[in-house]
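First up is the structure itself, then whatever we jot down about it.
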Amino acid sequence: MTRKPGNEMWGGRFAQGPDAIMEGINASIDFDKRLYREDIAGSLAHAAMLAENGIISKEDEVSIREGLETIRSEIDSGAFSFSREREDIHMNIEARLAELIGPAAGRLHTARSRNDQVAVDFRLYVKSALVDVDAALTDLIEALLTRAQEHAGTVMPGFTHLQAAQPVTFGHHCLAYVEMAARDRSRARDALRRMDESPLGAAALAGTGFPIDRHRTATELGFREPTRNSLDSVSDRDFAIEFLAVAAMTAMHLSRLAEEIVIWSTPQFSFVQLSDAFSTGSSIMPQKKNPDAAELVRAKTGRINGSLVSLLTVMKGLPLSYSKDMQEDKEQVFDTVDSLSLALAAMTGMVKDMAINADKMRAAAGAGFSTATDLADFLVRQAGLPFREAHHVTGRVVALAESRKVALEDLPLADLQAIDVRLTDEVYSVLSVDASVASRKSFGGTAPENVVRQIAYWRNRLAE
């Protein structure tokens, strides 16, 4: 196989360049060109610092800055020509810079390596992604709060084992996802705080002998401070893994809500209806309206989970410091950023858009003897029965209602008292689904007044 002349990046060490197979496995420009803004920002900060510290001339810094700004404009406009022979975004930009400004371009790489260069680019990218996730989760929380406000008193069945358990309100159900999304948002912010350190200046692995100012470049790039260990700086990818973990947790929560939307939108439930904007039809069955947006949100979770496991596996056996294995970190993160962004936008859109069938929810809430626990609680409160005895009495009442195919509140008082004389006519005040949800006033309970208070709490939290 024909081999190419020596690669300019590697200098005099190699007499020949890589063959086509090596180039194919080694090049990352096809995906890491996404980092061009971060790469240029890092180079601008590095060049300014080098000039301030007398490592390069001010004239060279001006040329480098103007050249990099030209390159950024070229890439933004689509006029830039990327080359696989130059492997990655760093060398593509450096080569173009040399074409634009000549030998001064070679001075930009003083006191840094591609190892710390890619580390700072990638951290900047992940930082931005976490900020976007935070904002998207905030939008989702606001959408859920709006629906919770609208349906603070809308009764629906609460489920365990996907069996009707006790009545709740749809507002309370929405607030459950607010809690999940808020924890996801908190995890994103925690991850952002932990990774807010700049690796620029760590060089290849040991730092540099040039009198650089890493605090200056960290500040310029928006980091809290520089990293404290050069070896860790270039070999660390736990910030990317943590982003993927945050994304996987968030996607899992989105998937749970997506699953409920899929179930609720079936004719058998008919709790909600998605608009045409978030549904598709069938190529053969004209009556079908499929909740494809929800199903695809559910499926994206698998891709995101796979990315997390993939990068964990890549990193698990690497000795310090840098290894080329770490080039496999970016595609997983890029794919997750795209997948999670779409999933969050789609879920927020569905929550805002779906029509709520309150009548169907109410009818389902009263089915399956969902107020049986309220009956047992009544016997404990009013008659002083131990809960286990009250549970037994209630089971007999449920069996009677089931045999007659009526609701608990439709059983005559005489029949109730035939089971236990301590069941007075006051029991009917707790057997309706409205009475049931209204009674759940314990902190965090489903009572409509609680729901309204929790909505106010979360609106205040968002405002802060």
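Residues satisfying the criterion are absent from the stretch 281-295 (criterion: assigned to a helix (DSSP H, G or I), in contact (Cβ under 8 Å) with a residue 60 or more places away in the chain and open to solvent by less than 50 Å² (accessible area, probe 1.4 Å)). Pull out all pairs, ordered by first then second residue, where Cβ-Cβ is under 7 Å, the residues are six or more apart or on different chains, the first lies in the stretch 251-272 and is touching a residue at least 60 places away in the same chain (Cβ under 8 Å), and the second is among the basic types (Lys, Arg) and open to solvent by 40 Å² or more (accessible area, probe 1.4 Å). Cβ pairs passing all conditions: 251/300; 258/298; 270/360; 271/360.
Tell me, yes or no, whether the stretch 321-333 has at least one residue that is at pLDDT 95 or above and small (Gly, Ala, Ser). Scanning the stretch 321-333 turns up no residue that is at pLDDT 95 or above and small (Gly, Ala, Ser). Regarding the stretch 208-219, can at least one residue be identified that is touching a helix residue (DSSP H, G or I) at 6+ places or on another chain (Cβ under 8 Å) and either hydroxyl-bearing (Ser, Thr, Tyr) or closer than 24 Å to residue 251 by Cβ (or both)? Scanning the stretch 208-219, I find at least one residue that is touching a helix residue (DSSP H, G or I) at 6+ places or on another chain (Cβ under 8 Å) and either hydroxyl-bearing (Ser, Thr, Tyr) or closer than 24 Å to residue 251 by Cβ (or both), so the answer is yes. Count of the stretch 325-375 residues, restricted to those that are of a type outside the set (D, E, K, R) and without any contact (Cβ under 8 Å) to a residue 24 or more places away in the chain, is 1.
Against the condition open to solvent by 30 Å² or more (accessible area, probe 1.4 Å), among the acidic types (Asp, Glu), out of contact with any Phe, Trp or Tyr (no Cβ under 7 Å at 6 or more places or on another chain) and farther than 17 Å from residue 337 by Cβ, how does residue 242 come out, does it pass? No; evaluated as a whole, the condition is false for this residue.
Only one residue in 135, 148, 165 is small (Gly, Ala, Ser) and open to solvent by less than 30 Å² (accessible area, probe 1.4 Å). Which one?
On the way: 135 fails: open to solvent by less than 30 Å² (accessible area, probe 1.4 Å); 165 fails: open to solvent by less than 30 Å² (accessible area, probe 1.4 Å).
None of the other options fit; the residue is 148.
Put simply, of 312, 308, 318 the only residue that is within 13 Å of the chain's Cα centre (by Cα) and open to solvent by 20 Å² or more (accessible area, probe 1.4 Å) is 308. Scanning the stretch 335-353 turns up no residue that is among the basic types (Lys, Arg), farther than 30 Å from residue 315 by Cα and not assigned by the TED database to the domain that holds residue 166. Inclusion of residue 439 among residues that are surrounded by 13 or more Cβ atoms within 10 Å (Cβ to Cβ) and either modelled with pLDDT under 85 or of a type in the set (Val, Ile, Thr) (or both) is not warranted.
Here's the yes/no breakdown for (1) more than 24 Å from residue 33 (Cα to Cα); (2) in a helix (DSSP H, G or I); (3) open to solvent by 30 Å² or more (accessible area, probe 1.4 Å); (4) touching a helix residue (DSSP H, G or I) at 6+ places or on another chain (Cβ under 7 Å):
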position: 90; (1), (2), (3), (4): no, yes, no, yes
position: 99; (1), (2), (3), (4): no, yes, yes, no
position: 104; (1), (2), (3), (4): no, yes, no, yes
position: 112; (1), (2), (3), (4): no, no, no, yes
position: 126; (1), (2), (3), (4): no, yes, no, yes
position: 130; (1), (2), (3), (4): no, yes, no, yes
position: 152; (1), (2), (3), (4): yes, no, no, yes
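Taking the stretch 405-419 as the range and being free of Cβ contacts under 8 Å to residues at least 12 places away in the same chain and either in contact with a Lys or Arg (Cβ under 7 Å, 6 or more places away or on another chain) or outside any helix (DSSP H, G or I) (or both) as the test, the residues that pass are 405, 406, 412. Please determine, by comparing only the residues of the stretch 304-322 that are without any contact (Cβ under 8 Å) to a residue 12 or more places away in the chain and not in a helix (DSSP H, G or I), which one is nearest to residue 230 (Cα to Cα). It comes out as 319.
Test residue 147 against the criterion of being among the charged types (D, E, K, R), assigned by the TED database to the domain that holds residue 329 and touching a Phe, Trp or Tyr at 6+ places or on another chain (Cβ under 7 Å), and give yes or no.
no
The residue list 396, 422, 381, 388 contains one member that is among the basic types (Lys, Arg), more than 46 Å from the chain's Cα centre (by Cα) and in a helix (DSSP H, G or I), which is 396. The set of residues from the stretch 401-436 being of a type in the set (D, E, K, R), out of contact with any Gly (no Cβ under 9 Å at 6 or more places or on another chain) and either open to solvent by 80 Å² or more (accessible area, probe 1.4 Å) or within 18 Å of residue 391 (Cβ to Cβ) (or both) comprises 402, 404, 405, 410, 420, 425, 426. Applying the criterion of being in contact with an Asp or Glu (Cβ under 8 Å, 6 or more places away or on another chain) and part of a helix (DSSP H, G or I) to the residues of the stretch 197-229, the residue that is surrounded by the fewest Cβ atoms within 10 Å (Cβ to Cβ) is 215. Residues of the stretch 442-464 that are in a loop (DSSP other than H, G, I, E, B) and either open to solvent by 50 Å² or more (accessible area, probe 1.4 Å) or touching a Gly at 6+ places or on another chain (Cβ under 6 Å) (or both): 442, 443, 464.
The values are calculated or read from the model by the stated rules, or taken from the named source; none is laboratory data. All values reported here derive from a predicted model rather than from experimental measurement. Methodologically, a virtual Cβ is constructed for each residue, glycine included, from the backbone with ideal geometry; neighbour enumeration extends over all protein chains shown. Protein only, heavy atoms only, side chains kept; ligands, DNA and RNA dropped before computing areas. Shrake-Rupley method; radii C 1.70, N 1.55, O 1.52, S 1.80 Å.
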